[in-house]
Amino acid sequence: MVKIRQEEYLMNAKSIMQVFADTAYVRMGGSPEELRCAEYLVTKCAELGLSARIEPFPVAMATMQQAELTVDGVSVTCKGYLNAGSAEVEAPFYYLPSTDPHSLSQCRGKIVMVDGYLGYWIYQDLLENGAVGFITYDGNVNYADRDIDQRELRSFVHKGNKLPGVNINAKDAVRLVECGAKTAKIVLKQEEYEGRSHNVILDIPGESEETIVFTAHYDSTSLSQGAYDNMSGSVGLLGIAEYFAAHPCRRSLRFIWCGSEERGLLGAKAYCADHEEELKNVVLNINLDMIGCIMGKFIACCTTEEKLTHYLSYFASELGWGLSVRQDVYSSDSTPFADKGVPALSFARIAPPNTGTIHNSYDTAALMSGEQMVKDINFIVAFASRMANAVRCPVAREMPDNMKEKLDIYLCRKRDKK
């Protein structure tokens, strides 16, 4: 592959691994640690001779004062859902094995334990079928740890209609079903308030007002140091910015390190809402979410016209770069841009499940390779250079109907019939 960035750049393999070491802490959206990381990114930009700024935006926050789950008189270790209100409820326990009409009809008046993530539609099903509380679980019955993720009831999910809920470890979830649990009691007490999360923004002006926006989120989930997901993408933006600072191009470039992505793409959504007029000049969004892991395949997900998938395949072949590409909606900061009509694509290196996991305490710098980070950045720079210097941006600034439908489904405006 053609060498774009050489090791004399400041963002080389060694310095990249140092960034992972410097940011090896939990940084949930809206927390002091997230702001600490935003300030760190501004400092890293300054070391590259670039001036970045921090742009705050409001987010719902909560301080949990009490979270208890008791099942048949026995206390079960749990974490209460943030922003799910304060309540005390006791009711029959019900494990919901399926979302067919009959199974849902059994939820009325019960505290319901659901498999998997509590998404928008399952929550609406619980409300519609009269559940009075909910239990979710995470972790793995085969892992030695008993970690429990800190989750929240998102505002777009509850829309003011809150059920009290808790999250438990998968081992306890299995035990409750195995022993035939009969009655559950949830107690939640919390203080809810409006806090602040932060986007970090850097501009590199070009000859034209047409702009390419690069995005990556820097926040993490409650258990995770977030090296892979997604300090890797954030470091990628630093490497790309360093290259373009030394190689001015036709189009203007904007780099956005997004806050609170793990809480529902809140940073990207806030940016698109606050800068909607400026989006008219944005011809392409390039998003980085999880690159540079030791093992795994490199992918591109295009929420664009299908033609870009063919262009990327040919381009990768030209450079001798392994790439799997598809037209789809990616669960990352690219989606709010696509929803505003901006062609958007995400790059990622997806680790096999047994070599790299996310949203848990195993997401550390041990998953990462500085050398692979440099290679991934090189490919993204090569592609971005073609887009940034094209006489006319070749990607149509229109959203195909099939992508509009997928955006509607992803953003819960339409339920997937499947």
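Taken over segment 264-284, the residue count meeting the criterion of being open to solvent by 30 Å² or more (accessible area, probe 1.4 Å) and not hydrophobic (A, V, I, L, M, F, W, C) is 7. Residues satisfying the criterion are absent from segment 349-360 (criterion: touching a helix residue (DSSP H, G or I) at 6+ places or on another chain (Cβ under 8 Å), more than 30 Å from Asn142 (Cβ to Cβ) and either of a type in the set (Asp, Glu) or in contact (Cβ under 8 Å) with a residue 40 or more places away in the chain (or both)).
A Cβ distance below 9 Å, combined with a sequence gap of six or more or placement on separate chains, defines the contacts here; from segment 57-77, residues that are closer than 24 Å to Asn199 by Cβ reach residues that are among the aromatic types (Phe, Trp, Tyr) and open to solvent by 50 Å² or more (accessible area, probe 1.4 Å) in the pairs Ala60/Tyr193; Met61/Tyr193; Ala62/Tyr193; Thr63/Tyr193. Of the strands (runs of 3 or more DSSP E) lying entirely inside segment 285-360, those containing at least 3 residues that are open to solvent by 20 Å² or more (accessible area, probe 1.4 Å) span 324-327. Look at (1) closer than 20 Å to Ala246 by Cβ; (2) open to solvent by 50 Å² or more (accessible area, probe 1.4 Å); (3) of a type in the set (Ser, Thr, Tyr) and you find that Thr63 fails only one, number (1).
All of (1) closer than 26 Å to Phe156 by Cβ; (2) among the aliphatic types (A, V, I, L, M); (3) surrounded by 20 or more Cβ atoms within 10 Å (Cβ to Cβ) hold for Ile409 with one exception: (3).
Output the residue which, of all residues in segment 361-384 that are under 18 Å from the mean Cα position of the chain (by Cα) and hydroxyl-bearing (Ser, Thr, Tyr), is least open to solvent (accessible area, probe 1.4 Å). Of everything passing the filter in segment 361-384, Thr364 is least open to solvent (accessible area, probe 1.4 Å). Out of Gly29, Gly85, one residue alone is in a loop (DSSP other than H, G, I, E, B), in contact with a Leu (Cβ under 8 Å, 6 or more places away or on another chain) and on the phi > 0 side of the Ramachandran plot. It is Gly85. Do you know which of the residues in segment 248-270 that are more than 16 Å from Asn230 (Cβ to Cβ) and modelled with pLDDT of 95 or more is nearest to the chain's Cα centre (by Cα)? Among those residues, the one meeting the criterion is Lys269.
Residue by residue, here is whether (1) surrounded by 21 or more Cβ atoms within 10 Å (Cβ to Cβ); (2) hydrophobic (A, V, I, L, M, F, W, C); (3) within 27 Å of the chain's Cα centre (by Cα) holds:
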| position | (1), (2), (3) |
| --- | --- |
| Leu127 | no, yes, yes |
| Lys159 | no, no, yes |
| Gly165 | yes, no, yes |
| Ile168 | yes, yes, yes |
| Lys185 | no, no, no |
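Taking the numbered list (1) crowded, with 16+ Cβ neighbours inside 10 Å; (2) in a helix (DSSP H, G or I) in turn, Cys107 passes all entries but (2).
Return yes when Leu118 is in contact with a helix residue (DSSP H, G or I) (Cβ under 8 Å, 6 or more places away or on another chain) and either under 24 Å from Ser31 (Cα atoms) or charged (D, E, K, R) (or both) and no when it is not. Quick ask: steps written out before the conclusion?
Numbers: in contact with a helix residue (DSSP H, G or I) (Cβ under 8 Å, 6 or more places away or on another chain): yes; either under 24 Å from Ser31 (Cα atoms) or charged (D, E, K, R) (or both): yes.
So Leu118 passes the test.
Here are some residues: Val112, Val141. Which one is open to solvent by 50 Å² or more (accessible area, probe 1.4 Å), among the aliphatic types (A, V, I, L, M) and closer than 26 Å to Glu178 by Cβ?
On the way: Val112 fails: open to solvent by 50 Å² or more (accessible area, probe 1.4 Å).
Going through Val112, Val141 in turn, the sole match is Val141.
Against the definition (at pLDDT below 95, surrounded by fewer than 18 Cβ atoms within 10 Å (Cβ to Cβ) and not hydrophobic (A, V, I, L, M, F, W, C)), how does Pro97 come out, yes or no?
Values: at pLDDT below 95: yes; surrounded by fewer than 18 Cβ atoms within 10 Å (Cβ to Cβ): yes; not hydrophobic (A, V, I, L, M, F, W, C): yes.
When the stated conditions are applied, Pro97 passes them.
The values are calculated or read from the model by the stated rules, or taken from the named source; none is laboratory data. If you're wondering where the values come from, they're calculated on a predicted model, not measured in any experiment. Heads up, the Cβs are rebuilt from the backbone with ideal geometry, glycines too, and the neighbour counts pull from every protein chain shown. Quick note on the areas: whole protein, heavy atoms, side chains included, nothing else; ligands and nucleic acids left out. Shrake-Rupley method; radii C 1.70, N 1.55, O 1.52, S 1.80 Å.
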